[in-house]
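A quick write-up on the structure given underneath.
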Amino acid sequence: MTLIQLQYFLAVCKYENFTRAAENFNISQPAISGAIRELERECGVALFNRDKNALRITDEGRVLRDEAELVLKQYGQLDDIVKNLSTSRKFIRVSFSTLSGNQVYPKLLRVFKDKYPDIEVFSVEASTSKQFEYLDKGMVDMVLSVRRFDVPEEKRQFDLVHGHYPLKISRQCVCVHKDHPLAKESYVTLEQLSGEELVMLSEGFSQSAGIKRQFKQRGLSYKVIHYTSQMYTLERFVEKGVAVGFLPEEVIKRNPLMVAIPYEGSRYSPIEIFWRKDRYMYRSVKAFLDTARELYPRPQEV
C-alpha cells in the first residue's frame, strides 16, 4: 500500500467516479481503476460496489477511507516539518505574562531584533495558565513567565517535559498611594489588607487566584472594587488613591506616586523562559533562547 494509492482511493471516494478521479490527477481512467483493484487485492475485500450506473463505497471501504484521511493528514504535517527543517524556519512565536514577562520581554525583543532582523517574532500576552496551554498545544515556541508549584511532585512532572532558564528574580508587593496610611509600613499582613478596597487583575490571572486563596485559608474577607486585565488600569486606581493593588516591585518603584510594601505571602520568584523539551527546537527558536542567556547570564534581582 502506497501513499499514491491512498490518494487515488480518496479521490474515487470523493467523486464516486473513476473517470473524474483520474482527471483530478491527470492520469488515465484505466490507471486509477487498476490502482484501486490492486488496493482491493491487498486488503482482501471490495472497497466499492460497482454496477452500470453507480459506484458506491462499501462498509469496509468507509473504514479504510477514515484511516486513509488520518494518515494523509499526518503525512502532510510531517511534510511541513521536513520543509521547515530544510529551509530553517524564519519566525518564532512567544507568549509573555502581563505581570512578570513584561519586565523582561521588551528588552529581550529589542536585542533579538537587532541581532536577527530577518527573523519575525509573533508574540501574545496572556495569563500564566493560558500561556502554558498555548505552549503544550504547540501554539507558541516559548513562554516568559513565573511558574509556581504547590507540591514537589507537580514540579517534577512539569520538569520532565519542560525546559526553563531563569532571567530575573522578582517579587510581588502591595502597592498603595504614597499618602495612604499603609505607605509608612515596612510589611503588611492579610488582616490589614482585608479592610482595604482592592483593585485586582482579572480572575484568569494566577496572581489574583493565589491572593484570594490566601485570604480564604485564613478565613478573612476581602473587597475587590474592580477587576482589570491591564497593569495600566491597576496603576491608575492606586496612584489616584482609589484602591490598593498588587504588582511587581519593579513596576511599583517606577511610579513616584506609589509605594511598594512586602506582604504576608509575597516571595521572590524567578522570571523564566520556558520551552518543551520533547519538541524539535528550530534554529530561530534556539537563537532567541541563546539571546536570552546572553542578555541574562545569571538571574538578576529586580
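The values are calculated or read from the model by the stated rules, or taken from the named source; none is laboratory data. Because the structure is predicted, anything quoted here is derived from the model rather than measured. Glycine also receives a Cβ, built like all others from the backbone with ideal geometry; neighbour counts cover every protein chain displayed.
Before moving on, here are some points about what is shown:
- Test: S266 is in a loop (DSSP other than H, G, I, E, B) and not basic (K, R): yes
- The helices (runs of 4 or more DSSP H) found entirely in segment 1-56 that carry 3 or more residues being among the aliphatic types (A, V, I, L, M) are 3-15, 29-43.
- Applying the condition of being assigned to a helix (DSSP H, G or I) and at pLDDT below 90 to segment 91-120 and asking which residue is surrounded by the fewest Cβ atoms within 10 Å (Cβ to Cβ) yields N102.
- Condition check for G76: buried (at least 17 other Cβ atoms within 10 Å of the Cβ), within 19 Å of M139 (Cα to Cα) and modelled with pLDDT under 85: no
- Segment 79-90, subset loosely packed, with under 14 Cβ neighbours inside 10 Å and not in a helix (DSSP H, G or I), residue modelled with the highest pLDDT: K90
- Any hit, segment 39-58, residues being crowded, with 18+ Cβ neighbours inside 10 Å, modelled with pLDDT under 85, more than 30 Å from L144 (Cα to Cα) and not acidic (D, E): no
- Residue list for segment 206-262, restricted to those being aromatic (F, W, Y) and either in contact (Cβ under 8 Å) with a residue 24 or more places away in the chain or in a strand (DSSP E or B) (or both): F215, Y222, Y227, F237, F246
- Tabulated pairs, segment 141-164, first within 19 Å of K286 (Cα to Cα), second acidic (D, E), C-beta under 6 angstrom, 6+ apart or interchain: V161/D278; H164/E272
- Filtered residues of segment 60-69 (kept if among the small types (G, A, S) and either in contact with a helix residue (DSSP H, G or I) (Cβ under 6 Å, 6 or more places away or on another chain) or in contact (Cβ under 8 Å) with a residue 60 or more places away in the chain (or both)): A68
- Residue among V259, V251, V242, V224 that alone is more than 24 Å from K107 (Cβ to Cβ), crowded, with 21+ Cβ neighbours inside 10 Å, not hydroxyl-bearing (S, T, Y) and not assigned by TED's automatic domain parsing to the domain that holds K115: V259
- Residue tally, condition at positive phi and free of Cβ contacts under 8 Å to residues at least 12 places away in the same chain, over segment 1-59: 2
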